[in-house]
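Notes to accompany the following structure.
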Amino acid sequence: MKNIGILGIQGAIEEHEAMLQAIGCNTFWIKEPKDLRHIDGIILPGGESTSMGKQLEWSGMMEPLRKAIAKGMPAFGTCAGMILLAKEIEGNSLQSRLGLMNIVVKRNAYGSQLDSFVTDLDVAGLSQRLPAVFIRAPRIEACGDGVETLASYRNHPVLVRQGNMLAASFHPELTECTDLHRYFVSRMVAG
């Protein structure tokens, strides 16, 4: 049984926790650097990326988390979590973030809260279409070396992988489908 941490600052923490527990994982809310010692992988949930980045800095979590992921700890960022992983944010390069994934993202590129939508995606490596919830979602504008596109929406990547990092523009935890969490745990954490 794998121990998966969920960055416990804000956002869809409980929803990710329910998904992970449904597929047989132990879950832990990660709030301090010492919490990183006992996990096999980490989820960076959706929320408000600017606030999350500031809280990572203030809590002393930014550098230990960056080092753990850079050394190979599997990480899965959804929505704001993807922004935290991105090397570049279009129009806001000074925002605090981990900056580890070779992607350029644009915040809120799919519109406001009122423009939220659900669609089904074809995902490389999954046998059935994946339901995806987009809420004030970021869009990947460019992918660099080592980044593999696993799913696209309207000619833009929305699910990408780079080594030990997985990032989604959408919220898989807001559906009843555990396929993407299974993918993360079975192919990236256990794999």
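Only the coordinates and a few stated rules stand behind these numbers; no lab work does. What you see is a predicted model; the values in this text were computed from it and never measured. Heads up, the Cβs are rebuilt from the backbone with ideal geometry, glycines too, and the neighbour counts pull from every protein chain shown.
Enumerate the pairs (first residue in the stretch 145-168 and more than 20 Å from GLY72 (Cβ to Cβ); second residue anywhere and of a type in the set (D, E, K, R) and buried (at least 16 other Cβ atoms within 10 Å of the Cβ)) with beta-carbon separation below 7 Å, excluding pairs fewer than 6 apart on the same chain, so at least 6 apart or on different chains.
HIS156/ARG139
Pick from the stretch 115-132 the residues that are touching a helix residue (DSSP H, G or I) at 6+ places or on another chain (Cβ under 8 Å) and either acidic (Asp, Glu) or buried (at least 19 other Cβ atoms within 10 Å of the Cβ) (or both): which of them is farthest from GLU173 (Cα to Cα)?
Among those that are touching a helix residue (DSSP H, G or I) at 6+ places or on another chain (Cβ under 8 Å) and either acidic (Asp, Glu) or buried (at least 19 other Cβ atoms within 10 Å of the Cβ) (or both), it is VAL123.
Looking only at the stretch 37-46, decide whether some residue is crowded, with 20+ Cβ neighbours inside 10 Å, in contact (Cβ under 8 Å) with a residue 12 or more places away in the chain and small (Gly, Ala, Ser).
For the stretch 37-46, residues crowded, with 20+ Cβ neighbours inside 10 Å, in contact (Cβ under 8 Å) with a residue 12 or more places away in the chain and small (Gly, Ala, Ser): present.
Is it true that some residue in the stretch 68-81 is without any contact (Cβ under 8 Å) to a residue 24 or more places away in the chain and either touching a Gly at 6+ places or on another chain (Cβ under 8 Å) or loosely packed, with under 15 Cβ neighbours inside 10 Å (or both)?
Yes, that holds for at least one residue.
Exactly one of (1) free of Cβ contacts under 8 Å to residues at least 12 places away in the same chain; (2) part of a helix (DSSP H, G or I) is unmet by SER127. Its number?
(2)
For the stretch 48-67, what are the residues that are buried (at least 18 other Cβ atoms within 10 Å of the Cβ) and in a loop (DSSP other than H, G, I, E, B)?
MET61
On the basis of being under 19 Å from TYR183 (Cα atoms), over 14 Å from the mean Cα position of the chain (by Cα) and among the acidic types (Asp, Glu), does ASP40 make the cut?
yes
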